[in-house]
Amino acid sequence: MTDHTSQAELVRRSLKGRYRKERRFRAYGIVAIAIALAALVTLFTDIVGKGYTGFLKTTITLEVTMDPDLMYLDDPTDPKQVRMADFVAPLVAAVGRALPSATQDDQDALRRLINPYASSELRDALIENPEWMGTTRTMSFLAHSNVDVYVKHKGDAAYSIKLTDQQQAWVDDLRARELVETSFNDVFFTSGDSRDPAKAGVLGAIVGSLLTMIITLVLAFPIGVAAAIYLEEFAPRNKLTDFIEVNINNLAAVPSIIFGLLGLAIFINLFGMPRSVPVVGGLVLTLMTLPTIIISSRAAIKSVPPSVREAAEGIGASKMQVVLHHVLPLALPGMLTGSIIGMAQALGETAPLLLIGMVAFIVEVPEGLFDAATVLPVQVFLWAGSPELAFIERASAAIMVLLAFLMSMNALAIWLRKRLERRW
Amino acid sequence: MIKLNKTFATLALAGTVAVMSAPAMARDTISIVGSSTVYPFATVVAERFGSNTDFSTPKMESTGSGGGMKIFCQGIGTQNPDITNASRRMKSSEFELCQSNGVKDIVEFRIGSDGIVIASSQEADHMDLTLKQLFLALGEKVPQNGEWVANPNKNWSDVDSSLPNKPIRVMGPPPTSGTRDSFNELALEGGCDQLQEAESLSKDEHKAICQSIREDGAFIEAGENDNLIVQKLIGDKDMYGVFGYSFLEENADRLQAASLNGVEPTQANIAEDKYPVARSLFFYVKKAHVGVVPGIVEYASEFVSPRAMGPNGYLKDVGLIVPTREALMELQDKVENMPNLTLNELK
C-alpha cells in the first residue's frame, strides 16, 4: 500500500519536470524553424532588394532627324550603303538639340548618354521603314548603362557613378522634362545575354533551360520508371540485383561535376557531339537525375498495398497486367513528385555544364536542341562575375526568375500529388 | 493501360532517336574558348561583330588560359573550337600538343595588355611599394640572418618603417587563376630576385621559394569573383586586394591602387611596360577552320580594328590597355597575311 502511494507520489513529483522537458523540446523545434525562416527571409530581402531595379530600364526619348548628309545614306534598302553609313551622328545631334547648354566640344560626353546599341536600333528601324529618310521622328532608345545606374542608384554606396558632373546635370535636366524615364524592363525578358548591362536579358537562358529540361524529362522519366518497375517487380533477388541497387544509391550521392566529366568524355569526345548544346546538357543532367527518379519511383511502387496486387492476381491478372493496370497508376503520383524534385535539382545545376561548354557567353536565343545555349543558373554565375556594377542587379533579377521557375515546378509537383494521390 | 505502355515506348524511342541523330554538323557560329581575363574584352568584340555583320555572334566560353589551350589543341573539325584566348603566351609544350593532334597552322595575335593592381579603399593611405617590399610582405619564406624562415612580418611597418603600421592583409585570386600565376611570376618573383639571398638558390629552390605566397592568413584567397574583393575593400580600409586593372577602372571613384617601384598603374604606364606587373593578352586562331566556319577572319579583323583597339576604341572603354599605333598596324597586317606561329618563336 505504502509502495503504491510512493510510486504515485514519484510520478506526481516528476510530472512537472517532464512537462518542462517537453516544453523545452518544443522550444528547440520552434527555434530551429525560426533560424531557418530568418535565413530565408534575409536571403530573399537581399535578393529582392538588390534585384528589383533589374526589372526597370532607363530610356531616353529623342527627336531624331534622319538627315541623309549627316548619315552618308540615301537609300536604306541598299545593304552596301547601310554598312558604310553613320547611325550614331543623328542620335548625338538629337541629344545635343535636347540639351541647349551642350556645345560642339561635348560630342563625346553626349554620345555616352545613349546606349552603344541605339545606333543598331535606328539602323534596323530605317531598313524596315525606308520612307523615314529625311523626316524627324520622336523615338525612344535605351540609355547608356552609366545613365541607367545613375538614375536608379544615385547616392547608393554600393554603386559607383561614372557620369561627369556635367553629364549628371544634363540627365537631371532631361529627367525633369520627362525625356529620360524608367519603365518596366521588357528588354530583360526579350533578349539574350549582352556585355552591355542595359541590353542584357534572360530569354536565351530561359529557352536554354527549357530545352535542356525537355531532354532530361523525355529521357530520365521513362528510363527511371522502367528501371524502377523492373527492379521492384520482376528482378530476382540475388547478389547481382543487390549490387545494382547499392550502386544506384551510390550514384545519387556522386558530386554533380563527375557527371559533367563523364558527359565530356562520352558525348563530346567519343560521340563527337558539339559543345555547348542543350542535347548534351540534357543528357548529362539525365544521368544526374536518374538515380533520384529510380529511388523515388521504387519507394512509390513499394507503398502500393500488397492487397491490391493480391486481389488482381486473385482474379487471374498476369504479372504485367498487375503492374500496368494497378500498381503503376497508383504509384504514379509518387513517381511524378520524385521526378519533378529531381528536375528542379537539375534546373539549378551549373557544375556539370561547365565541362560540356554550356558556361558560355551566348547572345543569340537558341532555336533548337543543337544551337549553342546556356541555362539560368549559369547566367547568374556569369553576371555575378562581370566587372560592370550594373550586372549586380541583373544577376539578382535573374535569381528571382530562376526562383519563380523552381517554385512553379514545385507547385506543379504538389498539385499533381494532390490530384492523383489516393489514400488508403 | 496499354496506351500508357505505348506512350512510354514512344517517348523512349523519341529520346533515343533525338540522341542518335546527333550529326557532326557544320557549324556557322564561331566557337571561342580560353582565358577569363580576355573574356570581358573578347565578348564585347563578339557582340559588336554579331550586331554589325551578317555573321552570327560567336559563342565564348571562359575556361582559363590553360584549359582553353587544351580544348583548342584537341584537333581540327567543327566539334573543336576555332579560337582560344590566353592571358599568357602559348607554351611550347602546348604548341607541340596542338601539332601532334593535327592542329598545324596557328596564328597568334597579341592584343594589348592587362595590369595586375594592388588596390585599397580610397579612404586608406596611399601605399608606395617596391616589389622587394611586396615579396617580404607576402612571400611564404623570407631571408633572416642568411636563413630562409617562415615570414615573421605581421604589419606593413615590419617590412619597412616607411610603410603604414597596419596588419598585412591582402585578398587575391586562388591558384587556379591565371591572374595568380602572373602575380606570382611578375610581382613576387620579381621582388625575390632583388634579394641577395636569392642568388645562391638552385633553380628549383628559387622557383619554390620565390613563387610561394604565405598561407598563415595574411594572404586571403577570395575565389574567382573579383567583385567580392572590391566589396570587401570598400568596407574595410585596412584590406588590400589583388585583381586585374579593369576592375580598378570600373571602381575608380572608390578604389585606389598602390604604386609599384614608384609607378602608378595607369593605362599609359601599363601600355609602355613601365608598370612592373603587366602581362600581354593573346588570342590564337586555328587556320584550318578559316573558310570552314564563316566569319573567323572578319572577327579577327574587327578585334584589331581601330574602332575596337584604337586610342578611342570601345575596348579601351572596358579597361583594355590598348596597343601602340605601330603594334596595331602590325596586327592588321597579320589578319591579312595570317602567318603561322612557329615553335622557335615560343622558345
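Derivation of every value follows stated rules applied to the coordinates shown; laboratory data play no part. Please read all numbers here as calculations on a predicted model, not as lab measurements. Neighbour counts run over all protein chains shown; Cβ positions are idealised from the backbone, glycine included.
General observations
- Residue exposure sequence - A:Thr216, B:Thr29 - by fewest surrounding Cβ within 10 Å: B:Thr29, A:Thr216
- For chain A, size of Cβ-based charge dipole, Lys and Arg +1, Asp and Glu -1, in debye: 3240 debye
- What the Cα convex hull of the protein assembly as shown gives, in volume per residue, is 273 Å³.
- Each helix, a run of at least 4 DSSP H residues, gives -39500 (n - 2.57); summed and divided by the residues of chain A, these come to -20000 deg cm²/dmol at 222 nm.
- Stretch in chain A that is longest and holds no GluC sites (Glu not before Pro) that DSSP places in a loop and that have at most 16 other beta carbons within 10 Å: A:179-366
- Going from the residue with the fewest nearby Cβ atoms within 10 Å to the one with the most, A:Arg309, A:Arg137 rank A:Arg137, A:Arg309.
- With R₀ fixed at 51 Å, the C-beta to C-beta distance from B:Ala26 to B:Trp148 puts the FRET efficiency at about 0.30.
- For the stretch B:272-288, putting each phi into the Karplus relation 6.51 cos²θ - 1.76 cosθ + 1.60 with θ = phi - 60° gives couplings of 8, 6, 7, 6, x, 9, 10, 9, 8, 10, 9, 9, 10, 10, 8, 5, 4 Hz, in residue order, rounded to whole numbers and with x for Gly and Pro.
- Computed from phi, the 3J(HN,Hα) profile of the stretch A:21-26 under the Karplus parametrisation 6.51, -1.76, 1.60 (θ = phi - 60°) reads 4, 5, 4, 4, 4, 5 Hz, with x in place of Gly and Pro.
- Rounded to the nearest 20 debye, the dipole magnitude of the stretch B:178-251 is 120 debye, with +1 charges on Lys and Arg beta carbons, -1 on Asp and Glu beta carbons, and the Cα centre as origin.
- Cα-based helix-to-principal-axis angle, A:239-252 vs chain A, degrees rounded to 10: 40 degrees
- Simple point charges give the picture: +1 on the Cβ of Lys and Arg, -1 on the Cβ of Asp and Glu, and for chain B a dipole about the Cα centre of about 1280 debye.
- Computed [θ] at 222 nm, deg cm²/dmol, chain B (DSSP H ≥ 4; -39,500 (n - 2.57); rounded to nearest 500): -10000 deg cm²/dmol
- Cα-only Debye scattering, the stretch A:55-199: base-10 log of I(q)/I(0) at q = 0.13 Å⁻¹: -0.59
- Between the residues B:Leu281, A:Pro197, B:Leu346, the greatest Cα displacement towards the positive end of the dipole of the protein assembly as shown, with unit charges on the Cβ of Lys, Arg, Asp and Glu, is found for A:Pro197.
- Proxy reagent accessibility, fewest Cβ within 10 Å first, across B:Arg89, A:Arg237: A:Arg237, B:Arg89
- Annotation: aspartates and glutamates with alpha-carbon distance below 18 angstrom to A:Lys154 (same-chain offsets under eight excluded): A:Asp165, A:Asp172, A:Asp173, A:Glu178, A:Glu181, A:Glu388, A:Glu393, B:Glu250, B:Asp253.
- On Cα atoms only, tilt of A:278-302 relative to the major axis of chain A in degrees: 30 degrees
- C-alpha long axis of helix A:328-347 to longest principal axis of chain A, angle in °: 40 degrees
- Relative compactness, chain A, computed as alpha-carbon Rg over 2.2 N^0.38 Å: 1.41
- Under-5 Å amide H pairs with B:Gln122, H placed in peptide plane, nonlocal only: B:Leu255, B:Gln256
- Amide H within-cut-off set for A:Phe361, under 5 Å, with H built and near neighbours excluded: B:Met60, B:Glu61, B:Ser62
- Cross-linked pairs B:Lys70/B:Lys132; B:Lys141/B:Lys316; A:Lys162/B:Lys154; A:Lys162/B:Lys237; A:Lys57/B:Lys286; B:Lys203/B:Lys334: Cα-Cα separations exceed 31 Å for B:Lys70/B:Lys132; B:Lys141/B:Lys316; A:Lys162/B:Lys154; A:Lys57/B:Lys286; B:Lys203/B:Lys334.
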